[in-house]
């Protein structure tokens, strides 16, 4: 059972952060290349509190990757067209092709979090959504797409400190909306919704990983290494053999000779 109170220590990162970040990013790049050459896909979901560090972790996760093969999808309120369809419809449109990664900054879990708490959807609909989400993620896994789910947790005190710093910084105030304070006031309701979300959707094919976000450096390194671990486990460790057509074309073009010939 996932209990968010187990992830509130906020222990500072020990070691050289820049070195650890570079090492984690190197692992991620290698894992991305492995997905490209093996034509595998992965979905990486980020959920968590406002100001919990999702954006910073995503920037460092994707910052050194080949941008042609990774897409970050920020999720906000559905458009009028999206609202006319099943809530998962808009996410089906954004799933990655073979060899690609898709990162969701918030996701389909909005149905059982913000839509539930703010009463944007009927109780019968968000209750049904647990099974619909599990089936959706199971379909992705059956298709060969890795489903990696990250939740960043921060205490109320840490969240307030970060919101204050954003308000005090003229170039960071844009990150805050009045809704952030309304959400803050309903923390108890969100905690109840998160508890149910973990209980209902922490499945074998798509488990949740919760990270203590109270120290940003420690959280980033932990998240990046976790994602690198799961991406690496999703593809064979060795590259596939060269396509014979490629070798023939290279031989014809400039007399290429494979090593060992």
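The values are calculated or read from the model by the stated rules, or taken from the named source; none is laboratory data. This is a predicted model, so every value here is computed, not measured. Note that each Cβ is placed from the backbone with ideal geometry, even for glycine, and that neighbours are counted across all protein chains shown.
Only strands (runs of 3 or more DSSP E) wholly contained in segment 33-125 count here; list those with 1 or more residues that are in contact (Cβ under 8 Å) with a residue 40 or more places away in the chain, in contact with a strand residue (DSSP E or B) (Cβ under 8 Å, 6 or more places away or on another chain) and closer than 21 Å to residue 174 by Cβ.
Because the criterion is at least 1 residues that are in contact (Cβ under 8 Å) with a residue 40 or more places away in the chain, in contact with a strand residue (DSSP E or B) (Cβ under 8 Å, 6 or more places away or on another chain) and closer than 21 Å to residue 174 by Cβ, the strands (runs of 3 or more DSSP E) in segment 33-125 that meet it are 41-48, 101-105.
Which ones in segment 246-257 are exposed (fewer than 11 other Cβ atoms within 10 Å of the Cβ) and over 18 Å from residue 38 (Cβ atoms)?
252, 253, 254, 255, 257, listed by residue number.
Check whether at least one residue in segment 138-147 is within 22 Å of residue 213 (Cβ to Cβ) and outside any loop (DSSP other than H, G, I, E, B), and report yes or no.
yes
Of the residues 225, 134, 183, which single one is at pLDDT below 95, under 29 Å from residue 70 (Cβ atoms) and assigned to a helix (DSSP H, G or I)?
183
Do you know which of the residues in segment 82-108 that are in contact with a helix residue (DSSP H, G or I) (Cβ under 6 Å, 6 or more places away or on another chain) and farther than 25 Å from residue 235 by Cβ is surrounded by the most Cβ atoms within 10 Å (Cβ to Cβ)?
87
In contact with a helix residue (DSSP H, G or I) (Cβ under 9 Å, 6 or more places away or on another chain) and in a strand (DSSP E or B), is that true of residue 152? Please lay out each step first, then the result.
Numbers: in contact with a helix residue (DSSP H, G or I) (Cβ under 9 Å, 6 or more places away or on another chain): yes; in a strand (DSSP E or B): yes.
Yes.
Restricting to segment 184-199, name every residue that is closer than 16 Å to residue 152 by Cα and within 21 Å of the chain's Cα centre (by Cα).
Matches in segment 184-199: 190, 191, 193, 194, 195, 197, 198.
For segment 231-243, enumerate the residues that are surrounded by 14 or more Cβ atoms within 10 Å (Cβ to Cβ) and at pLDDT below 95.
Answer for segment 231-243, where residues must be surrounded by 14 or more Cβ atoms within 10 Å (Cβ to Cβ) and at pLDDT below 95: there is none.
Within segment 1-32, which residues are within 15 Å of residue 225 (Cβ to Cβ), assigned to a helix (DSSP H, G or I) and in contact (Cβ under 8 Å) with a residue 40 or more places away in the chain?
17, 20, 21, 24, 25, 27, 28, 30, 31, 32, listed by residue number.
Filter segment 161-180 down to the residues that are free of Cβ contacts under 8 Å to residues at least 12 places away in the same chain, within 24 Å of the chain's Cα centre (by Cα) and not in a helix (DSSP H, G or I), then identify the one that is surrounded by the fewest Cβ atoms within 10 Å (Cβ to Cβ).
Within segment 161-180, the match that is surrounded by the fewest Cβ atoms within 10 Å (Cβ to Cβ) is 177.
Name the residues in segment 64-81 that are under 18 Å from residue 101 (Cβ atoms) and touching a helix residue (DSSP H, G or I) at 6+ places or on another chain (Cβ under 7 Å), would you?
Matches in segment 64-81: 64, 65, 66, 69, 70, 72, 75.
When you scan segment 191-206, do you find a residue that is over 18 Å from residue 110 (Cβ atoms) and surrounded by 13 or more Cβ atoms within 10 Å (Cβ to Cβ), even just one?
Scanning segment 191-206 turns up at least one residue that is over 18 Å from residue 110 (Cβ atoms) and surrounded by 13 or more Cβ atoms within 10 Å (Cβ to Cβ).
Please state which one of 228, 218 is buried (at least 16 other Cβ atoms within 10 Å of the Cβ), within 15 Å of the chain's Cα centre (by Cα) and touching a residue at least 40 places away in the same chain (Cβ under 8 Å). Lay out the reasoning, then the answer.
On the way: 218 fails: within 15 Å of the chain's Cα centre (by Cα).
One residue alone meets the criteria, 228.
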